[in-house]
Amino acid sequence: MGYLNFDKSLLINLERSLSKEMIRTNRAGAYNSTTLVDCNTRKYHGQLVLPLPELSDDNYVLLSSLDETVIQHGAEFNLGLHKYGENQFSPNGHKYIREFDCEVISKTTYRVGGVILTKERMLVSFEPRVLIRYTLVEAHSPTTLRFRPFLAFRNVNELTHANSRANSNMDEVQNGRVNRMYPEFPQLFMQFSKAVTYTHEPHWYKDIEYQKEQERGYDYKEDLLVPGWFEMPMKKGESVIFAAGITEVNPRTLKQTWEKETLRRIVRTDMFACLKNSAAQFYKREGDKCHLLAGYPWFKASAREQFFSLPSCTLQIDRPEYWEAIMDMTAIDEVKAFLAGDYGKVKLTGMDEPDALLWFIRAIQQYAEYSSLHDAAEKYGALCAEIIEFIRKQRHPRMYLHSNGLVWVDGTQRPATWMNAMENGRPITPRTGYIVEINALWYNALCFTADMLRETGNDHRADLVSYQSELCKSAFIDIFWNGFYLYDYVIDAYQNREVRPNQIWAAGLPYSPLDRKQQKAVVDICTKELLTPRGLRTISPKSGDYRPVYIGGQHERDHNFHNGPVWPCTIAAYARAYMRVYKHSGLGFMQRLLVGYEVEMSELCIGTLNEIYDGNPPYKGHGGMSYAPSVAAVISVMKTVEQLSKEEEQ
């Protein structure tokens, strides 16, 4: 059995198989996602989901499902699967599945009597088009395949219902049909690589249910339009390719396109290959610009997540061309526009978040580790120095530099940090004043920028920045250190004593304001009270606010979001801090820690990592099915372990 291979015993057990999802993207914002048994459990699932910027910044589900039916001797075997009321599933096509494999291309193998049929899916790179290839591996008598398209034509955040406005007409195109369900949408072309017959018989399939949305307390019932069906005979050994996209394709080119796209795929035979593939799926190219999405299925490109994740999702997976496309060709211009106050040119959301520019400088620091300090200074040193001046001269709209050298933020009305859950327009975790990780990032940015200034001969400016860093370091200890660990935030006379993972960045960044003894104390308390096999809890179980399980309706989940669940994005800083304190003696511990993430490669969204996990066993995943900071953090740990292992061998 392969690394990402699932057999019949798991697949026919819906309690297990419906919890496992897959996602494929085209690196331009479009994606294909469903469960391993092709039963959609989220409103975000679909065979073709894509951005339509002419409508909004959201994604849109055009083709929700494609149900296949095998016909032999007049008997029909429907391979589709949908959930309806009272936990009823129909037509129960999962009972014919014998295997699901996703090492290269997601491939489902069905067996219906003497028929063996395989189904493979992929998206065309940088093109909003899904391809599905069917191969009749075995058949002892004449076989016909029938295909029913389930159309949605809606925003991913909405649900559609039967209505008289929907257009069910299907106009003929080569080897297929085209539909525009509503006039504001583009056309959806559905074509095959061989001739196909079409029968027009519009029908609304009503009250299809999405289990994940029901669990989350959202509307979860939808009606989908099936305008008719396609039908074709197939011979043993024959393959046919179905294509769905918003432009017409020449059916004769589909086989060549399939073969070309297959060569681009990463073979996922271990965790690093899985995460490398996952990291590449966050790329979103738009014309000559490129961003790194924060994740799927509902995330957009946001500054904090992009700068946090970018080095690991490009440089550490040997894709420097995407670092250049995202950083040099896109982000640099957006950062400069923000510094100039020209916010209209900034497509990244959250550029004004207090830590966003500091994560930008941290990303440049990681580029210096990948390339050299000289290269980083030559390319980015001037801009990093400009950011430091921007903050020093009090030009940042949400961050204020105090005379003691620390930066102060207001998080009472609007979240100022990554712990940003809201209720009734107010932050649930109102971290405000002096924030521990923001000031740790500020100190690190000052020290690294001073290094770059010296590298380019700007010694005078470097001395000024170094002086600023010394002020910051002294005040940091005075404000945050309580003798045992670091306060989470401090405002006036109030010191927040909750043990949270934010302090780990003060010990894990390359430039730490802490001495060795203080670093060890921070690492030890995080290990003792926060560490799990999936990363650090967002608050200690000793706290009265500890809510480890991310379940319930929106209100309950929002209150739990940063008060107990584990965020894997914290593990990279923890690993750096741990290895700094324990050096090579901690290598075995780090290797064992990675085993917890290895398990997740075949759970939930296979081959990637979720946004968050429960704080208590069995550490079930929740939130976004694939989250860039989670993937980036674990890649970073793997690279750290790999480097230290090589050093130990020498």
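Straightening the chain between Gln591 and Lys542 buys 14.9 nm, computed as 0.36 nm per residue apart minus the Cα-Cα spacing. When the C-alpha to C-alpha distance is required to be over 21 Å, the pairs from Lys20/Lys260; Lys284/Lys639; Lys289/Lys347; Lys289/Lys639; Lys212/Lys276 that qualify are Lys20/Lys260; Lys284/Lys639; Lys289/Lys639; Lys212/Lys276. The relative contact order of region 63-195, computed from alpha carbon pairs under 8 Å that lie at least 6 residues apart in sequence, is 19 percent.
Positive contributions from Lys and Arg (+1) and negative ones from Asp and Glu (-1), summed over other residues with Cβ under 13 Å from the Cβ of Lys119, come out at -1. Each residue of region 560-567 was assigned a 3J(HN,Hα) from its phi angle through the Karplus expression (A = 6.51, B = -1.76, C = 1.60, θ = phi - 60°), giving 7, 3, 10, 10, x, x, 8, 10 Hz with x at Gly and Pro. For region 231-243, putting each phi into the Karplus relation 6.51 cos²θ - 1.76 cosθ + 1.60 with θ = phi - 60° gives couplings of 8, 7, x, 9, 9, 4, x, 7, 10, 9, 10, 9, 10 Hz, in residue order, rounded to whole numbers and with x for Gly and Pro.
Given only helices, namely DSSP H runs of n ≥ 4 each adding -39500 (n - 2.57), what is the per-residue ellipticity at 222 nm of the chain, to the nearest 500 deg cm²/dmol? Walk me through the numbers on the way to the answer.
Numbers: 18 runs with 208 residues, N = 650.
It comes out at -10000 deg cm²/dmol, rounded to the nearest 500.
Sorted by average packing, counted as other Cβ atoms within 10 angstrom per residue and highest first, what order do 544-551, 429-436, 562-569 take? Walk me through the intermediate numbers first.
Values: 544-551: 16.1, 429-436: 24.1, 562-569: 26.0.
Answer by packing, highest mean first, reads 562-569, 429-436, 544-551.
How do the peptides 321-329, 72-80 rank, highest first, by the average count of neighbouring beta carbon atoms within 10 Å per residue? If you can, show how the numbers build up before the last one.
On the way: 321-329: 18.2, 72-80: 14.9.
The most tightly packed comes first, giving 321-329, 72-80.
Tell me the relative contact order for region 99-156 as a rounded percent, counting alpha carbon contacts under 8 Å between residues six or more apart. Show your work: numbers first, answer last.
Details: 71 pairs, mean separation 13.6, N = 58.
Relative CO of region 99-156 lands at 23 percent.
Using heavy-atom solvent-accessible surface (probe 1.4 Å) with all chains present, what is the largest-first order of Lys235, Lys646? Could you put the intermediate results ahead of the total?
On the way: Lys235 155, Lys646 110 Å².
Ranked list, largest accessible area first: Lys235, Lys646.
Neighbours of Ala632, meaning other residues whose beta-carbon lies under 14 angstrom from its beta-carbon, give a summed charge of +4 when Lys and Arg score +1 and Asp and Glu score -1.
Could you tally the net charge around Leu587, taking each other residue with its Cβ under 15 Å from the Cβ of Leu587, Lys/Arg +1 and Asp/Glu -1? All intermediate terms of the calculation are to be shown ahead of the outcome.
Details: positive: Arg576, Arg580, Lys583, Arg592, Lys639, Lys646; negative: Glu642, Glu647, Glu648, Glu649.
Every neighbour counted, the sum reads +2.
Once backbone amide H atoms are built at 1.01 Å from N, Arg98 has Thr109, Tyr110, Arg111 as its partners under 5 Å, excluding neighbours fewer than 5 places away on the same chain.
How much FRET efficiency would the formula 1/(1 + (r/R0)^6) give for Glu321 and Asn5, where r is the Cβ-Cβ distance and R0 is 25 Å, rounded to 0.05? Using R0 = 25 Å, I get an efficiency of 0.20.
Our summary gives the chain a relative contact order of 11 percent, counting only alpha carbon pairs under 8 angstrom and 6 or more residues apart.
Please give the Cα centre distance for region 71-94 versus region 328-407, rounded to the nearest Å. Taking the Cα centre of each part, region 71-94 and region 328-407 sit 55 Å apart. With a Förster radius of 60 Å applied to the C-beta separation of Arg216 and Glu238, the computed FRET efficiency comes to 0.90. Taking a span of 27 Å or more along the helix axis (Cα atoms) and a mean Kyte-Doolittle hydropathy of at least 1.0 as the rule, no DSSP H helix of the chain qualifies. The phi-based Karplus calculation (6.51 cos²θ - 1.76 cosθ + 1.60; θ = phi - 60°) puts the 3J(HN,Hα) values of region 127-139 at 10, x, 8, 9, 10, 10, 9, 10, 10, 8, 6, 9, 6 Hz, whole numbers, x for Gly and Pro.
The values are calculated or read from the model by the stated rules, or taken from the named source; none is laboratory data. Small disclaimer: the values here were computed from a predicted structure and weren't measured. Please note: Cβ atoms are built from the backbone with ideal geometry, for glycine as well, and neighbour counts cover all protein chains shown. Areas reflect the complete protein model, heavy atoms only, side chains present, ligands, DNA and RNA absent. Shrake-Rupley method; radii C 1.70, N 1.55, O 1.52, S 1.80 Å.
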